[in-house]
Amino acid sequence: MANRTSLGLAIVIMLLSAHGIYSAHEWPLKAKLFPLVIAIPLFFLAAAEALWVIFGKSPTASASDFKLSEDQPAEVARRRTLLATGWAIGFFVLILLLGFPIAVAAMVFAYLTVQGKEGWIFSVVFTAAVWFFFYGLFELLLHMHFPDGWLFGGFGGF
Amino acid sequence: MLDAFIQGLLLVLQWKAFVFMLAGIFVGFWVGLLPGLGGATTLALMLPFIYNMQPVEAFAFLLGMHSVVATTGDITSILFGVPGEATTAAIILDGHAMAKRGEAGRALGAALASSFVGALIGAAALALAIPIVRPLVLTFGSPELFMLAIVGLAFIASLSAQGARGMVRGFLAGGLGLFLAMVGQDPQAGVARYTLDTLYLWQGLDLVPVLVGLFAIPEIIDLVVRGTSIAGNAPAGRISKGVFEGVKDVFRNWWLTVRCGLIGTFIGLTPGLGGAVAQWMAYGHATQSARTAEERKGFGQGDVRGVIGPGAACNSKEGGALIPTIAFGVPGGASMAILLGGFFLLGLVPGPDMLTKHLPVTFSLVWTIVIANIITVVACFLLLNRLTALTNVQGHLLVPVVLVLVFIGSYTSNSSYADILVSLIFGALGYFMVVAGWPRAPLVLGLVLGKIAENYLYISVARYDFAWLGRPVVVVLLIIAVGVILFPAVQAWRSRRAHG
């Protein structure tokens, strides 16, 4: 899994840097100097990593970084990862469609009842607490403007 | 000089100035805790309030607020893995790993103590450096500043993963960061580079949504996968018990704390590099303090030195950044540029006057940093039990709240939905990097340094052609960069020889 992901990342970086080099050719020297200085070695480094994955026999290097938990079976981990991704993307879509104020309440309540299997009363109270914190701090205190959702005719925000 | 020093303290302790400082600390405390709400933005928002204040009151308010933001930003980073501030992302790597191991108290204790020591180092540097800093800053032209950026990147890229392959990945991540930093309008020719024909990307990728996505989204996914609280199955009573162990860790690693504090001060006083660079440089240096490759593997898994280094650097940089701001009117970063605006609003002109006529006001800034940090650290220690208890809250209660904070934090940087999209994209990238074992730190440093490095490289080439490569400080920095890259290989070779 780690090697396949590394290969995927390397290929994406190769494509990105190739696009970077190709696009830079049309620009004046001032604008293309740094992109070329960076993108050319980046392409070759990514190619080296890709070849390393395909032909290399050395064990996967570990980074000084956070590691994902491995205490769940692979199938469960994959399903929950997709679920978490779904919730995050779903929340974003809700924000686009309904606007922040409604989306925050809808998302917190839905997550608690569907994913957390919490009771209705607890979910309503918890959602209300989160919503009042959001509304009190960002709307009342900081006067931040959150555009209406697309469903309410406000196609702004981008 | 001593008179002015004491006078500075008395000025801050006047009741009105002190009350304004407390108000600033209160605002800064919450701004630091909330992801996305940046210290610089808040400084700008608070600037209009200082019109009717005396200089000492105004700086007690502004600097009191600004100097605690990084301290409380560490708390969010450690407890939730979401950067409270762009300048507190490096502490996530080991701090949040400790929180997940049930050592949130120890990590917070170490972060607060090192932040406090760092703040004292920065304040002391500010007090001591004023007469001697001028020649030092003036020796650094564009070529030296470009090389300093390269040294920083070499540090983090070569030390954030093990072995030759790890180094390739470190440099790949750093290169990707530099490449992404080129998105937006080119500062020299005005060409729109890699903007995908969208107006949003003309100003480049904003650091806040990138950081929030890169670090928070993989943590949220992991929390959902584990289905437990952040601290997992760690016994409840243990979590906040380690607070004083964390404080002791700072004293056990005293010289590391001091060195990272000095790194922060130096980065702070170097115009244009900024706080986001200081923390990663300090993290790189903390990683370097591991004596063996085996020991270095502990970084990223919850090594307390990975908390102490960035913690100290993050706060010491404020004192450092004030030095060129006060002495030459050259701000060390965005926050200092806004503070400089405050100077002009109050009728003060940075420069020689601040070191002669207004010296007590200058020293009142030193005292504000010290007192604000004492008050914040004491307040944080009093609240630690409640804060660390959050790591025992079940994941399904935390995930929606953290997601709300992540999305609002991203959105507030430019008030654009595109910021949230950027967070999601970088969240996916961060997740795949973690799966593949690629370090994320070099990517962030590359992104932070990209624009700065490009500007300095362009000025160096335009002004000196290739002769800038022969300048003495450039050569020294080049040797340091090569040394840093070779260091892990030499260390591995020595370790192999020692083990026969």
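The values are calculated or read from the model by the stated rules, or taken from the named source; none is laboratory data. In this text, all values refer to a predicted model and were calculated from it rather than measured experimentally. Quick reminder, even Gly has a Cβ in these numbers, built from the backbone with ideal geometry, and neighbours come from all protein chains shown.
Please go through (1) at positive phi; (2) at pLDDT 80 or above; (3) surrounded by fewer than 21 Cβ atoms within 10 Å (Cβ to Cβ) for B:Gly437 and return the number of the only condition it doesn't satisfy.
Of everything listed in (1) at positive phi; (2) at pLDDT 80 or above; (3) surrounded by fewer than 21 Cβ atoms within 10 Å (Cβ to Cβ), B:Gly437 misses just condition (3).
Looking at (1) within 25 Å of the chain's Cα centre (by Cα); (2) more than 9 Å from chain B (Cβ to nearest Cβ); (3) farther than 28 Å from B:Ala453 by Cα, find the lone condition where A:Ile54 falls short.
Checking A:Ile54 against (1) within 25 Å of the chain's Cα centre (by Cα); (2) more than 9 Å from chain B (Cβ to nearest Cβ); (3) farther than 28 Å from B:Ala453 by Cα, the one that fails is (1).
Got a sec? Which of B:Leu346, B:Leu355, B:Leu339 is surrounded by 24 or more Cβ atoms within 10 Å (Cβ to Cβ) and touching a residue at least 60 places away in the same chain (Cβ under 8 Å)?
None of the other options fit; the residue is B:Leu339.
Any idea which residue in region B:292-313 is farthest from B:Leu447 (Cα to Cα), counting only those that are in contact (Cβ under 8 Å) with a residue 40 or more places away in the chain and part of a loop (DSSP other than H, G, I, E, B)?
In this case the residue turns out to be B:Thr292.
Can you confirm whether B:Asn414 is of a type outside the set (A, V, I, L, M, F, W, C) and touching an Asp or Glu at 6+ places or on another chain (Cβ under 8 Å)?
When the stated conditions are applied, B:Asn414 passes them.
Just to be sure, is B:Leu424 within 23 Å of the chain's Cα centre (by Cα), over 27 Å from B:Gly64 (Cβ atoms) and facing chain A (nearest Cβ under 8 Å)?
So B:Leu424 passes the test.
For region A:71-118, what are the residues that are more than 19 Å from A:Glu139 (Cα to Cα), within 9 Å of chain B (Cβ to nearest Cβ) and either touching a residue at least 12 places away in the same chain (Cβ under 8 Å) or among the polar types (S, T, N, Q) (or both)?
A:Gln72, A:Thr81, A:Leu83, A:Thr85, A:Trp87, A:Phe91, A:Phe109, A:Tyr111, A:Leu112, A:Gln115
Just to confirm my filter: which helices (runs of 4 or more DSSP H) fall fully inside region B:406-500 and include at least 1 residues that are closer than 25 Å to A:Asp65 by Cα and without any contact (Cβ under 8 Å) to a residue 60 or more places away in the chain?
The qualifying helices (runs of 4 or more DSSP H) are B:417-436, B:472-498.
Quick one: is A:Ala47 more than 7 Å from chain B (Cβ to nearest Cβ) and either in contact with a Pro (Cβ under 6 Å, 6 or more places away or on another chain) or assigned to a helix (DSSP H, G or I) (or both)?
yes
Exactly one of these conditions fails for B:Ile150: (1) farther than 22 Å from B:Gln288 by Cβ; (2) among the β-branched types (Val, Ile, Thr); (3) at pLDDT 80 or above. Give me its number.
It fails just one condition, (1).
Name every residue in region B:234-251 that is at pLDDT 70 or above and either part of a loop (DSSP other than H, G, I, E, B) or farther than 23 Å from B:Leu382 by Cα (or both), in order of residue number.
Once the filter is applied, which keeps residues that are at pLDDT 70 or above and either part of a loop (DSSP other than H, G, I, E, B) or farther than 23 Å from B:Leu382 by Cα (or both), region B:234-251 yields B:Lys241, B:Gly242.
Taking region B:56-96 only, how many residues are more than 18 Å from B:Val19 (Cα to Cα) and either free of Cβ contacts under 8 Å to residues at least 12 places away in the same chain or among the hydroxyl-bearing types (Ser, Thr, Tyr) (or both)?
Number of matching residues: 6.
When you check A:Pro28 against the structure, is it at the interface with chain B (Cβ under 7 Å from one of its Cβ atoms), surrounded by 12 or more Cβ atoms within 10 Å (Cβ to Cβ) and out of contact with any helix residue (DSSP H, G or I) (no Cβ under 7 Å at 6 or more places or on another chain), yes or no?
yes
Residues in region B:166-206 that are within 22 Å of the chain's Cα centre (by Cα) and among the charged types (D, E, K, R): how many?
Residues that pass the stated criteria total 1.
Tell me the residue from B:Val56, B:Val19 that is more than 14 Å from B:Gly342 (Cα to Cα), among the β-branched types (Val, Ile, Thr) and modelled with pLDDT of 75 or more, please.
B:Val19
Looking at this structure, is A:Leu68 closer than 25 Å to B:Gly300 by Cβ, of a type outside the set (Asp, Glu), outside the structural domain of A:Asp148 (by TED's automatic domain parsing) and not in a helix (DSSP H, G or I)?
For A:Leu68, the condition - closer than 25 Å to B:Gly300 by Cβ, of a type outside the set (Asp, Glu), outside the structural domain of A:Asp148 (by TED's automatic domain parsing) and not in a helix (DSSP H, G or I) - is met.
Could you look through region B:377-399, keep only residues that are farther than 22 Å from B:Thr72 by Cα and not small (Gly, Ala, Ser), and pick out the one that is surrounded by the fewest Cβ atoms within 10 Å (Cβ to Cβ)?
So the residue we want is B:Gln394.
Among the residues of region B:185-205, how many are touching a residue at least 60 places away in the same chain (Cβ under 8 Å), buried (at least 18 other Cβ atoms within 10 Å of the Cβ) and not aromatic (Phe, Trp, Tyr)?
Matching residues across region B:185-205 total 2.
Taking A:Leu68 as meeting all but one of (1) within 7 Å of another protein chain (Cβ to nearest Cβ); (2) surrounded by fewer than 18 Cβ atoms within 10 Å (Cβ to Cβ); (3) over 19 Å from the mean Cα position of the chain (by Cα), write down the number of the exception.
For A:Leu68, the failing item is (3).
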